[in-house]
């Protein structure tokens, strides 16, 4: 059957993209990407070392358990219910971080809870309606959704730094809770097409050789494990830098304001990675695009390892590392939908994304331990260069099915 023209995907699709981008920019991703701004004042107040703060951050690894479960729930109950419940719970956790936490252990508990339920307000759930509705412009649509958090991390850190500097780190967590509950969720629910809000999958096409509904054979596919290797190693390399980005910049001799600027520049690199990566995925060989976008950010670590001490070089390195952090979700969501279909997308991508959080935890602990043991982040940065090169190689044997043209799902037409 011949589907509609590719441009018709945007008639309703722009509302789905806008809603998911807003959700992405005010959810767990914003908490994770700005958490490094809390590290120094929080560590001083709670009497934590860099390794201990890295260990606390690493407990976001509970997403490895939560993401597959939340992905399956999204497959069964649709976007609206899962997003709404998880956003309310996440805001409650951020308020607990603001008003209840008084020890490192209590902060660790809240981070672990945020990781477990955070997938309901992140890519596991947010990319599902995109992949269900879009085909020809899937890469660009995924990039635009990812751009939501990049724009938020460009805009929010200077304001958040002012809040933290004036009122303390606890007020910063309360601010994030307000953004999620008062700004993000109402706008998302207003924008999202009502007919698609709780649309449940049914009759969606599945590429030949892909797992059907309820079929977990994807775990026996070598292609799934190629994606796991690439995602896991990329997460170790990039997320380790994210977890310590503000301290890393300050340890180069710059102040907290410059570190906040570095986070915004990192987010700008993310934005380029998301939009540029999505555009490239729609037009060129996806495996080649994935390889290039995985290798190029390693140059950021090479710049940091040279120790030039120049602000332009440090900010440029942050942008290069942000490039992959921006592109990776779109790459892996695109590859998952193309290879395994949409009928059980939440289950497959939830498992893949959950495993990537293991890499995130290893990276956060590894970068903090590198500083505590060697007084420098250089060993962790050098290891990250090698990990990114290996991750790029994992895309080469991946089997990419031919694009299948289909109409947008029935629940997203009106």
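The values are calculated or read from the model by the stated rules, or taken from the named source; none is laboratory data. As the structure is a computational prediction, the values presented were derived from the model and not from experiment. Counting neighbours? That spans all protein chains shown, and the Cβs are built from the backbone with ideal geometry, glycine included.
State whether one or more residues within the range 288-302 are outside any helix (DSSP H, G or I) and either free of Cβ contacts under 8 Å to residues at least 40 places away in the same chain or surrounded by 24 or more Cβ atoms within 10 Å (Cβ to Cβ) (or both).
Checking the range 288-302: at least one residue is outside any helix (DSSP H, G or I) and either free of Cβ contacts under 8 Å to residues at least 40 places away in the same chain or surrounded by 24 or more Cβ atoms within 10 Å (Cβ to Cβ) (or both).
Which of the following residues is assigned to a helix (DSSP H, G or I), surrounded by 21 or more Cβ atoms within 10 Å (Cβ to Cβ) and modelled with pLDDT of 85 or more: 355, 388?
The conditions single out 388.
Please indicate, with yes or no, whether at least one residue in the range 238-249 is touching a helix residue (DSSP H, G or I) at 6+ places or on another chain (Cβ under 9 Å), under 30 Å from residue 136 (Cα atoms) and either in contact (Cβ under 8 Å) with a residue 40 or more places away in the chain or not in a loop (DSSP other than H, G, I, E, B) (or both).
Residues of the range 238-249 that are touching a helix residue (DSSP H, G or I) at 6+ places or on another chain (Cβ under 9 Å), as a first pass: 238-249.
Still in the list and also under 30 Å from residue 136 (Cα atoms): 238.
Subset that is either in contact (Cβ under 8 Å) with a residue 40 or more places away in the chain or not in a loop (DSSP other than H, G, I, E, B) (or both): 238.
Yes: one or more hits.
Which members of the range 111-152 meet the condition of being under 30 Å from residue 53 (Cα atoms) and surrounded by fewer than 21 Cβ atoms within 10 Å (Cβ to Cβ)?
112, 113, 151
Can you name the residue in the range 391-414 that is in a helix (DSSP H, G or I) and surrounded by fewer than 18 Cβ atoms within 10 Å (Cβ to Cβ) and, of all such residues, is modelled with the highest pLDDT?
Among those residues, the one meeting the criterion is 393.
Output the number of the condition that residue 369 fails; it satisfies all remaining conditions of (1) under 30 Å from residue 133 (Cβ atoms); (2) more than 13 Å from the chain's Cα centre (by Cα); (3) at pLDDT below 85.
Residue 369 satisfies all of (1) under 30 Å from residue 133 (Cβ atoms); (2) more than 13 Å from the chain's Cα centre (by Cα); (3) at pLDDT below 85 except (1).
Have a look at 60, 82 and point out the one that is within 22 Å of residue 361 (Cα to Cα), out of contact with any strand residue (DSSP E or B) (no Cβ under 6 Å at 6 or more places or on another chain) and surrounded by 24 or more Cβ atoms within 10 Å (Cβ to Cβ).
60
Looking at the range 92-199, what helices (runs of 4 or more DSSP H) fall wholly within it and have at least 3 residues that are within 18 Å of residue 33 (Cβ to Cβ) and at pLDDT below 80?
The qualifying helices (runs of 4 or more DSSP H) are 138-167.
I need the full set of residues from the range 366-377 which are touching a helix residue (DSSP H, G or I) at 6+ places or on another chain (Cβ under 6 Å) and surrounded by fewer than 21 Cβ atoms within 10 Å (Cβ to Cβ), in order please. Talk me through it step by step, then tell me what you get.
Taking the range 366-377 first, the residues touching a helix residue (DSSP H, G or I) at 6+ places or on another chain (Cβ under 6 Å) are 366-372, 377.
Once the filter is applied, which keeps residues that are touching a helix residue (DSSP H, G or I) at 6+ places or on another chain (Cβ under 6 Å) and surrounded by fewer than 21 Cβ atoms within 10 Å (Cβ to Cβ), the range 366-377 yields 369, 372.
Would you confirm whether or not the range 143-153 contains a residue that is over 16 Å from residue 26 (Cα atoms) and touching a residue at least 60 places away in the same chain (Cβ under 8 Å)?
Checked against the condition, which is being over 16 Å from residue 26 (Cα atoms) and touching a residue at least 60 places away in the same chain (Cβ under 8 Å), the range 143-153 yields at least one hit.
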